1. As an exercise: evaluate Ile231 against (1) of a type outside the set (Phe, Trp, Tyr); (2) in a loop (DSSP other than H, G, I, E, B); (3) without any contact (Cβ under 8 Å) to a residue 40 or more places away in the chain and give the number of the one condition it does not meet.
2. Mind telling me which of the residues Ala100, Ala135 ends up being in contact with a strand residue (DSSP E or B) (Cβ under 6 Å, 6 or more places away or on another chain) and assigned by TED's automatic domain parsing to the domain that holds Ala160?
3. Are there any helices (runs of 4 or more DSSP H) wholly within segment 31-118 with 3 or more residues that are among the small types (Gly, Ala, Ser), and if so which?
4. State the number of residues belonging to segment 24-38 that are of a type in the set (Asp, Glu) and either in contact (Cβ under 8 Å) with a residue 40 or more places away in the chain or surrounded by 14 or more Cβ atoms within 10 Å (Cβ to Cβ) (or both).
5. For segment 163-184, how many residues are more than 18 Å from the chain's Cα centre (by Cα) and at pLDDT 85 or above?
6. Would you say Gly158 is part of a helix (DSSP H, G or I) and either buried (at least 23 other Cβ atoms within 10 Å of the Cβ) or modelled with pLDDT under 85 (or both)?
7. Can you name the residue in segment 111-145 that is in contact with a Leu (Cβ under 8 Å, 6 or more places away or on another chain) and at pLDDT 95 or above and, of all such residues, is farthest from Ala163 (Cα to Cα)?
8. Looking at the structure I just gave you, is Phe80 farther than 24 Å from Tyr126 by Cα and touching an Asp or Glu at 6+ places or on another chain (Cβ under 9 Å)?
Amino acid sequence: MTPWVVRLLVANVAVFLLTAANPELRILLAFQPDTVLTHPWTPFTYMYVHGSIGHIFFNMLALWFFGPRVEERLGGTRFFTMYTVSGLAGAALSLFTPSAVIVGASGAVYGVLYAYAHFWPHDKIYLYGVLPIEARLFVLIMTVLALYGGWNSGFQPGIAHFAHLGGFVGGAIYLYLVERRAPSRGSAARVGDALRRTVSQKEDVARWSSIRRDQLHEINRSEVDRLLDKIRASGVGSLTDDERAALDRFSGK
């Protein structure tokens, strides 16, 4: 589990417990587009408020599943920024439903899901733990459902479809801006470039091979195994800068 994922899980659970004990606080923190001028804090606070145990459980489950790998890829600061931007974008698109009262981390979590599909489009997501579907296709299906639900109020009533759609939009825009600042590489890749100038390939491989896999999240273990297999098959030179940077992070360098 990565630091910002843990913090967000704790924050969401803490707010859920507080608002469960004080329903008036939930109303104060919820986002309603037509009252945003008198409650300007709500585009930020609504994404930490949930209406039921089931609501928070599934949002936090998705954050726990997709968040750590995305945070490892982006770094903590960028991950939290993207999470927040996605939640704010969810609030922005919810202006299409001005009288709706909106709560939940879904918009922010959808941004995380988009980032996961962006970086690992062919990874399999198992719906209900059974049906495998590629991450990119899953995001596409969820986008279509959000669009359809947003313009058809009778479809899945009670779900903030525009907030979901906004999460995807916010995540996509944020990643585009980050990658535009470094078209071929991110900041982690630049660190990888500097390391290659000072550390031999033999030392790199030895350090990466000593990564404590038992201390990694299951998804990160799979990524380390894939990259080490790639080195054995094609050599260190076959790694991209982002892949080298990822191994450096896993090794604690």
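The values are calculated or read from the model by the stated rules, or taken from the named source; none is laboratory data. These numbers were taken from a predicted model, which means no experiment stands behind them. No Cβ is skipped: glycine too gets one built from the backbone with ideal geometry, and neighbour counts run over all protein chains shown.
1. So Ile231 meets the others, but not (2).
2. Values: Ala100 fails: in contact with a strand residue (DSSP E or B) (Cβ under 6 Å, 6 or more places away or on another chain).
The unique qualifying residue is Ala135.
3. Details: elements: 42-45, 53-74, 76-93.
Per the criteria, 53-74, 76-93.
4. Count: 1.
5. Taking segment 163-184 and keeping what is more than 18 Å from the chain's Cα centre (by Cα), we get 180-184.
Filter once more, so that each one left must be at pLDDT 85 or above: 180.
Number of matching residues: 1.
6. Working: part of a helix (DSSP H, G or I): no; either buried (at least 23 other Cβ atoms within 10 Å of the Cβ) or modelled with pLDDT under 85 (or both): yes.
No.
7. Ranking the qualifying residues of segment 111-145, first place goes to His118.
8. Values: farther than 24 Å from Tyr126 by Cα: yes; touching an Asp or Glu at 6+ places or on another chain (Cβ under 9 Å): yes.
Yes; evaluated as a whole, the condition is true for this residue.
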